[in-house]
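Written below as structure tokens is the structure these notes are about.
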Amino acid sequence: MSFPYLRPRRLRKNKYLRDLVAETRLSPRDFIYPIFVKEDLTEPEEISAMPGQYRWPVEKALEPVQKALDLGIHNVLIFGIPKEKDELGSSAYSSDGVVQRAVKLIKKELGDEVVVHTDVCLCHYTSHGHCGVLNKICRNDRCSYVVDNDATLELLAKVAVSHAEAGADVVAPSSMMDGMVRAIREALDKNGFTDVAIMSYAAKYASAFYGPFRAAAENAPQYGDRRTYQMDPRNGEEAIKEVALDVQEGADILMVKPALAYLDVIRRVREAFPQYPLAAYNVSGEYSMVKAAAKEGLVDEKKITLEILHAIKRAGANIIITYHALEAAQWLKEGLDRELF
Ligand code: PBG
């Protein structure tokens, strides 16, 4: 060998040495654990599309939160599944809606021990399953349905304020309406919630990776799809435009979603906006694909999950929203990152 000193393998010969020089460290403190709360349930029901995840009755919403806390995860993201849906998604902004009740309960019991994030959207609450108000537009006898951006903003603002009133610490608008961050910021401030932060789903793609979630949250659109508001998976530069707008509008935390097929987008956003905390959403399809492959014995679930989560952090996300949060926290506690890599 002409350059005997070029031997990167020297640093790989022992797991403690590999650990010493590892560039990325994952911690339960990086995680936000998503929790589904469903109205009118008495017992938790397992979500068949997402093995290991449950829909929780409001009265038992503390259980998964407590489990997270016990593992050192102090951030949760609440999704609601209401019993009533209508055209305007009115159960999304009712003060005794499913999310509002769950948040009140969690904050009353646990106070500052847990940071409660809430998903702000209408799709779980509208009868048609879209993320906003639907208008029927007819021209020359041809009719189509269009999500009315600006009418939707008013409702999203109401949802956010109702979550803040219930005690949410961070609201996370996910509808990809133009101007949603500004509308929510203004409404929160006007109602005295200047200290409630906004984690914006800033670059959210129209992704097939949301499949299992739509079964879980019962929010699949009844007709049409979300391509007129969520981003085209073919675009990367456009993510910077979307994120820049949310920054201008007052977002506190930025998010890229999904995570795994969008590591390049995470990296670009990290480099373009190094001053902002960046979250990545390791979505339902990413989770359930791992579960399915592990069940078939095709992959080692612990190792592949830790590999994925480290990759998301390595790409530049400092916050990871993941259904694997509880298991991953347990595996990290056991030191499996050092044992497996
Ligand atoms: C609702 C919303 C979705 C997810 C989070 N919030 C789904 C969607 O746009 O259909 C997806 C999360 C996941 O797949 O884990 N707007």
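The numbers here are math on the coordinates, done by the rules we state, and not lab data. This is a predicted model, so every value here is computed, not measured. All Cβ positions, glycine included, derive from the backbone under ideal geometry; neighbour counts span all protein chains shown.
Counting only helical runs of four or more DSSP H residues, what would the 222 nm mean residue ellipticity of the chain come to if each run contributes -39,500 (n - 2.57) and the total is spread over all its residues? Using -39500 (n - 2.57) per qualifying helix, the result is -11500 deg cm²/dmol.
Counting other C-beta atoms within 10 Å, which of L62, L254 has the fewest, and how do the rest follow?
On the way: L62 18, L254 28.
Sorted ascending by nearby Cβ count, the order is L62, L254.
Packing-based ranking of 331-341, 269-279, 160-170 yields 160-170, 269-279, 331-341, ordered from highest to lowest mean Cβ neighbour count within 10 Å.
Treating each Cα of the range 9-340 as an identical point scatterer and summing with the Debye formula, the log10 of I(q)/I(0) at q = 0.06, 0.10, 0.12, 0.16 Å⁻¹ comes to -0.20, -0.56, -0.82, -1.48. Here the peptides 20-33, 202-215 are ranked by packing, the mean other Cβ count within 10 Å, and the order with the highest first is 202-215, 20-33.
A cut-off of 5 Å between modelled amide H atoms, ignoring neighbours fewer than 5 places along the same chain, links V120 with A172, S174. Label-to-label distance, E296 versus V21, with points set 7 angstrom from Cα along the beta-carbon direction: 3.6 nm.
Equivalent ellipsoid of the range 235-314: semi-axes from √(5λ) of the C-alpha gyration tensor, largest first, are 29, 11, 10 Å. Centre-to-centre separation between the Cα atoms of the range 303-341 and those of the range 210-249: 25 Å.
Across the range 9-340, the mean sequence separation of Cα contacts (distance under 8 Å, 6 or more residues apart), normalised by length, yields a relative contact order of 19 percent.
Would you order K295, K60 from fewest to most other beta-carbon atoms within 10 Å of each residue's own beta-carbon? Intermediate values should be presented prior to the final figure.
Values: K295 11, K60 16.
Least to most surrounded, the residues fall as K295, K60.
Take every DSSP beta bridge with both residues inside the chain and express the antiparallel ones as a percent of the total, to the nearest 5.
Working: 9 of 43 bridges.
Counting only bridges with both partners in the chain, antiparallel ones make up about 20 percent.
Given labels modelled 7 Å from the Cα in the Cβ direction, how far is it in nm from T42 to K60? That separation, rounded to one decimal, is 1.1 nm.
For the range 54-115, the list of GluC sites (Glu not before Pro) that fall in a loop by DSSP and count at most 16 other C-beta atoms within 10 angstrom reads E84, E87.
Using 28 Å as the Cα-Cα cut-off, could you pick out the over-long pairs in K85/K313; K107/K303; K257/K302; K104/K190; K60/K313? The pairs that break the limit, which is 28 Å between Cα atoms, are K85/K313; K107/K303; K60/K313.
Evaluating 6.51 cos²θ - 1.76 cosθ + 1.60 at θ = phi - 60° for every residue in the range 155-167, the Karplus couplings come out as 6, 4, 4, 5, 4, 4, 5, 5, 5, 5, 4, 6, x Hz, glycine and proline recorded as x.
Along the Cα-to-Cβ line of S95, 7 Å from the Cα, sits a label point; which residues in the range 150-190 have backbone N less than 19 Å from it? Hits in the range 150-190 for S95 at 19 Å: 155-169, 187-190.
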